[in-house]
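*Asks:* A single structure is presented below for examination.
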Amino acid sequence: MELTGVRGDLVQRSFKVRARILQWVGIPCCIGIGQTKTLAKLANHVAKSAERKPGSYPAELAQVCNLTTITPEELEAVLAATPVNEIWGVGKRITEQLKQCGIHTALDLTNLDPATVRGHWSVVLERTVRELRGESCVDLEDSPEPKKQIACTRSFGRPISELSALCEAITHFASRAAEKLRAQSSVAGQVVCFVRTSPFRDDPQYSKSVSVPLRRPSADTGVLVAAAVAGMKSIYRPGFKMAKAGVMLLDLQSDTIQQQELDLDEAISVEAGPAKDRGRLMTMLDDLNARYGKGTVLMASAGLAGDQREWVMKQERRTPGY
């Protein structure tokens, strides 16, 4: 969140925001404020740690931490108390390399020469160093980037052995993934379907996945469900108690770019033809489900028993929607 131009005591405003979130949503949270995105994320880590692990950071930085108002000496102490692996963008592999060079804390990383970091590691780590020094290198995003892949996976409420029930579940998962796909205005070129037993049960174990490429990238629920169900039928093996299944959509691209083709094969063009006309149908499908609730309109292969379907996950303790 960009705070430039916001007047008043930012710490006191943040405490009020935190209290309102706790009262309205019921979720405790911590707030971090910094000159850059990396410092703001560090401040959030400090706010959490100071509350949950007393003594790790000054107590006055608990719940709300504003690194823009503390002195340079206090900021150095915070950086020195922060392990380098807690810095946003510093992964496990880079952490090991940094520690081999004697860099163990965020302060050690901040004191490195940015040009040396770029030459020895990468421009990404150089940006991190500059951000820790207060130089903004990572812009705030007004909207999230489109996802590179979309998945919908669930554990079953009880073990499932029948193919019909698995096809119901995989239809539901593919339909939900298709809804997410259309929400970000994308189409998928590949559908991955998987199923597995529970590794925690003393039963015969089975785990299998299959990738089903689409002839033409699509966001049509019917096309994606057909591919997912075909994949499930190809990997299904009787005699196993399946505990989890899921669908992943890969090779995502914008729906504004479409590869067309000549309809030379009537048998194949049955799948290709309706896709040109079903955009409005998919929009209406999403609108009806958004207005009247999820699952109001669905693919018949998803089953009509609603929450009584045998594969539905256990939700006895779900918060009532009064």
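*Asks:* Only one of (1) loosely packed, with under 15 Cβ neighbours inside 10 Å; (2) in a loop (DSSP other than H, G, I, E, B) fails for residue 96. Which number is that?
*Replies:* For residue 96, the exception is condition (2).
*Asks:* Restricting the search to the range 117-150, which residues are surrounded by 14 or more Cβ atoms within 10 Å (Cβ to Cβ) and β-branched (Val, Ile, Thr)?
*Replies:* If the condition is that a residue be surrounded by 14 or more Cβ atoms within 10 Å (Cβ to Cβ) and β-branched (Val, Ile, Thr), then 117, 124, 128, 129, 138, 150 are the ones that fit.
*Asks:* Residues that are in a strand (DSSP E or B) and not small (Gly, Ala, Ser): does the range 126-147 have at least one?
*Replies:* Looking through the range 126-147, none of the residues is in a strand (DSSP E or B) and not small (Gly, Ala, Ser).
*Asks:* Surrounded by fewer than 18 Cβ atoms within 10 Å (Cβ to Cβ) and in contact with a helix residue (DSSP H, G or I) (Cβ under 8 Å, 6 or more places away or on another chain): does that describe residue 54?
*Replies:* So residue 54 does not fit the description; no.
*Asks:* Six or more apart or on different chains, Cβ atoms under 9 Å: show the pairs whose first residue is in the range 277-303 and among the basic types (Lys, Arg) and whose second is part of a helix (DSSP H, G or I).
*Replies:* Filtered contacts from the range 277-303: 278/221; 278/222; 278/223; 294/176; 294/179.
*Asks:* A follow-up question, please. Let me confirm something: among 109, 61, 67, 79, which residue is out of contact with any strand residue (DSSP E or B) (no Cβ under 8 Å at 6 or more places or on another chain), under 20 Å from residue 128 (Cα atoms) and surrounded by 14 or more Cβ atoms within 10 Å (Cβ to Cβ)?
*Replies:* Matching residue, one of 109, 61, 67, 79: 109.
*Asks:* Read through the list (1) touching a strand residue (DSSP E or B) at 6+ places or on another chain (Cβ under 7 Å); (2) closer than 14 Å to residue 87 by Cα, then give the number of the only condition that residue 36 fails.
*Replies:* So residue 36 meets the others, but not (1).
Condition check ((1) more than 24 Å from residue 94 (Cβ to Cβ); (2) in contact (Cβ under 8 Å) with a residue 12 or more places away in the chain; (3) of a type in the set (Ser, Thr, Tyr); (4) not in a strand (DSSP E or B)) across all residues:
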| residue | (1), (2), (3), (4) |
| --- | --- |
| 44 | no, yes, no, yes |
| 47 | yes, yes, no, yes |
| 51 | yes, yes, no, yes |
| 60 | yes, no, no, yes |
| 69 | yes, yes, yes, yes |
| 76 | no, yes, no, yes |
| 79 | no, yes, no, yes |
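*Asks:* Looking only at residues in the range 1-44 that are surrounded by fewer than 20 Cβ atoms within 10 Å (Cβ to Cβ) and in contact with a helix residue (DSSP H, G or I) (Cβ under 6 Å, 6 or more places away or on another chain), which one is farthest from residue 140 (Cα to Cα)?
*Replies:* 28
*Asks:* Follow-up. Would you pick out the residues in the range 201-218 that are in a loop (DSSP other than H, G, I, E, B) and either modelled with pLDDT under 90 or among the β-branched types (Val, Ile, Thr) (or both)?
*Replies:* 201, 202, 203
Table: residues versus (1) more than 30 Å from residue 144 (Cα to Cα); (2) in contact (Cβ under 8 Å) with a residue 24 or more places away in the chain; (3) not small (Gly, Ala, Ser).
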position	(1), (2), (3)
161	yes, yes, no
165	yes, yes, no
170	no, yes, yes
174	no, yes, no
178	no, yes, no
185	no, yes, no
193	no, yes, yes
197	yes, yes, yes
206	yes, yes, yes
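Quick grid of which residues meet (1) at pLDDT 85 or above; (2) in the same structural domain as residue 167 (by TED's automatic domain parsing); (3) among the aliphatic types (A, V, I, L, M):
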{"site": "263", "(1), (2), (3)": "no, no, no"}
{"site": "292", "(1), (2), (3)": "yes, yes, no"}
{"site": "298", "(1), (2), (3)": "yes, yes, yes"}
{"site": "309", "(1), (2), (3)": "no, no, no"}
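The values are calculated or read from the model by the stated rules, or taken from the named source; none is laboratory data. This structure is a prediction, so every number in the text was calculated from the model and none was measured. Counting neighbours? That spans all protein chains shown, and the Cβs are built from the backbone with ideal geometry, glycine included.
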